[in-house]
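Quick notes on the structure that follows.
The values are calculated or read from the model by the stated rules, or taken from the named source; none is laboratory data. Bear in mind that the values here come from a model prediction, so they are computed numbers and not experimental data. Neighbour counts run over all protein chains shown; Cβ positions are idealised from the backbone, glycine included.
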Amino acid sequence: MKIGILGTGMVGNAIGAKLIQLGHQVKMGSRTAGNEKAVEWVEQNGSTASQGTFRDAASFAEIIFNCTAGAVSLEALEMAGAENLSGKILVDIANPLVRGTFPSLVPSLSNTTSLGEEIQKRYPETKVVKTLNTMMCNVMVDPSLVPGEHDIFICGNDNEPKLKVREILNWFGWKAPIDLGDLSNARYTEMLSAFWMPLFNLYGTPNFNFKVSVGKG
Ligand SMILES: NC(=O)c1ccc[n+]([C@@H]2O[C@H](COP(=O)([O-])OP(=O)(O)OC[C@H]3O[C@@H](n4cnc5c(N)ncnc54)[C@H](OP(=O)(O)O)[C@@H]3O)[C@@H](O)[C@H]2O)c1
C-alpha cells in the first residue's frame, strides 16, 4: 500500500519505519522537501521510503497518517491540500498540546471540540480516524514494550475506515482496540494525552500505557 506520513518528528519516524518493515511504500512529508530529518529517515529505511512536502506525501498516499504537531496540524493539512486528502482515510495521531511543563490543550481545539473533530469539519470528504494518540510512539508500533494487557482507543464517524485502521493496528500488534464510537470521542483521548506527561514524570519511562478494567453490575 502507498502510505503518506505527515510529520518528521519521532512519531512520523516510528510509524513510517514500521510500515516500511511491513512491506509498504511510505512517503514522509514536511513543510519543505529535503527536510534534514526526512532525508535521514529515507536513508535509514531503504528504497521503499521517500520524502517530500506535506502535499507530495498526501497526493502519493492511499492512507495518510497525521503526525504533525497538533497545535498546528490544521496548517499542515492546509499545505497538504484538500484535493489530496479527499476520499482518503486520515489516521490522526496528533494531540493539540500547548507545550510546557504541565501540558494543556489548545483551548480552541479542546473541551467542547477536538483536533480530530475540527479536521473532520474542515475536510468532510476525508475519513478521519483517531487512534494511537494516548501512548509513546515506540509503544504505538510495539505494544510488547509494556508488559501485561493494556489498551488502545479508536474512534471515527464511519465503520468501514475504522475497520481498515483496526487492521493496521493489528499489524502493529494491537489485538482488541476499544472502539469509543464517533469522532466526538477524540476530545477525551486528546485530553488523556495531557495526562501522559505527569505519568512519565512519575514513572521515569515512556513505556507505560492505560488499561480499562470493567466489572460486572
Ligand atoms: N511523541 C510521541 O511519542 C507522541 C505520542 C502520542 C501523540 N503524539 C502526537 O503526535 C504528533 C507528532 O509528534 P512528534 O513529537 O513526532 O512531532 P512534533 O514535533 O510534535 O511535530 C513535528 C511536525 O510538525 C510540523 N510542524 C511544526 N510546526 C509547524 C507549522 N507551524 N506548520 C505546519 N507544520 C508544522 C513539523 O514540520 P517540519 O517537518 O516542516 O519541521 C513536523 O513535521 C504530535 O501532535 C504529538 O502530540 C506524539
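Taking only the stretch 75-91 into account, find how many residues are touching a residue at least 12 places away in the same chain (Cβ under 8 Å) and either of a type in the set (A, V, I, L, M) or within 9 Å of the ligand (Cβ to nearest atom) (or both).
9
I'm trying to understand the selection: among the residues of the stretch 172-217, which are touching a helix residue (DSSP H, G or I) at 6+ places or on another chain (Cβ under 8 Å), assigned to a loop (DSSP other than H, G, I, E, B) and among the hydrophobic types (A, V, I, L, M, F, W, C)?
Trp174, Phe208, Phe210
Filter the stretch 85-116 for residues that are of a type in the set (Lys, Arg), surrounded by 15 or more Cβ atoms within 10 Å (Cβ to Cβ) and either closer than 18 Å to Thr8 by Cα or modelled with pLDDT under 95 (or both) and give the result. Working first, answer last.
So in the stretch 85-116, the residues of a type in the set (Lys, Arg) come out as 88, 99.
From what's left, surrounded by 15 or more Cβ atoms within 10 Å (Cβ to Cβ): 88.
Residues satisfying the conditions do not exist here.
Restricting the search to the stretch 61-72, which residues are near the ligand (Cβ under 9 Å from one of its atoms), not in a helix (DSSP H, G or I) and not hydrophobic (A, V, I, L, M, F, W, C)?
Of all residues in the stretch 61-72, those near the ligand (Cβ under 9 Å from one of its atoms) come to 66-72.
From what is left, the residues that are not in a helix (DSSP H, G or I) are 66-69.
Once the filter is applied, which keeps residues that are near the ligand (Cβ under 9 Å from one of its atoms), not in a helix (DSSP H, G or I) and not hydrophobic (A, V, I, L, M, F, W, C), the stretch 61-72 yields Asn66, Thr68.
Would you list the helices (runs of 4 or more DSSP H) that sit entirely within the stretch 73-153 and hold 2 or more residues that are among the acidic types (Asp, Glu) and under 19 Å from Ala57 (Cβ atoms)?
Details: elements: 73-80, 82-85, 115-122, 137-140.
Qualifying helices (runs of 4 or more DSSP H): 73-80.
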